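A short worksheet on the structure shown next.
The values are calculated or read from the model by the stated rules, or taken from the named source; none is laboratory data. Just so we're clear, the structure is a prediction, and the values are computed from it rather than from any experiment. Cβ sites come from the backbone with ideal geometry, for glycine too, and all protein chains shown count toward neighbours.
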Amino acid sequence: MAIPSKVSERLATSLYEYHTQRQAVIRFLFGAMVVSDSVVDTMRLELKKVSPGVRFDNENIRQALITKVIKREVLEGDKATEAQRKIGRAIAKVAVPKVILIGCRGADAVPQKELASHWKG
């Protein structure tokens with residue numbers, strides 16, 4: 001049984017549009033990931049290995065990526081902003097809150113947050 005030509009044309013057009021939209025989303029997500037703190041931190045560490053005498057700053061690395069490496073269209077606009085939000089939410093879900101313990105006796109240790117509330121008095 002053959003598919004009528006108008007239906008197959010619409011199907012092909014829909015598939016092409018879906019594929020194009022998915023490629024755009026992936027492009028924006030990659031752009032947001034590359035300028036995220038964790039990736040820039042890793043890049044700084046790798047650059048230190050390659051050039052130990054040079055001091056690299058995260059913000060300088062990020063600016064170089066934004067201005068010289070990544071296409072502007074990937075980092076600006078509504079789709080880029082949404083991709084940055086997605087990356088931020090994903091990082092926030094994985095991030096584990098760090099609690100600094102004061103004292104060294106296991107159960108006697110007081111988390112810094114609790115200690116701060118005791119000082120408010």
Notebook entry, point to check: Which of (1) under 21 Å from Ile91 (Cα atoms); (2) modelled with pLDDT of 80 or more does Val25 not meet, given it meets every other one?
Noted result: (2)
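Yes or no: region 2-16 includes at least one residue that is among the polar types (S, T, N, Q), surrounded by 10 or more Cβ atoms within 10 Å (Cβ to Cβ) and either under 23 Å from Arg89 (Cα atoms) or within 17 Å of the chain's Cα centre (by Cα) (or both).
Within region 2-16, not a single residue is among the polar types (S, T, N, Q), surrounded by 10 or more Cβ atoms within 10 Å (Cβ to Cβ) and either under 23 Å from Arg89 (Cα atoms) or within 17 Å of the chain's Cα centre (by Cα) (or both).
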Check: Pick from region 38-51 the residues that are free of Cβ contacts under 8 Å to residues at least 24 places away in the same chain and crowded, with 16+ Cβ neighbours inside 10 Å: which of them is nearest to Gln23 (Cα to Cα)?
Finding: Val39
Check: List the pairs whose first member sits in region 52-72 and is more than 13 Å from Asp41 (Cα to Cα) and modelled with pLDDT under 90, whose second member is loosely packed, with under 13 Cβ neighbours inside 10 Å and aromatic (Phe, Trp, Tyr), and whose Cβ atoms are under 6 Å apart, counting only residues at least 6 apart or on separate chains?
Finding: none
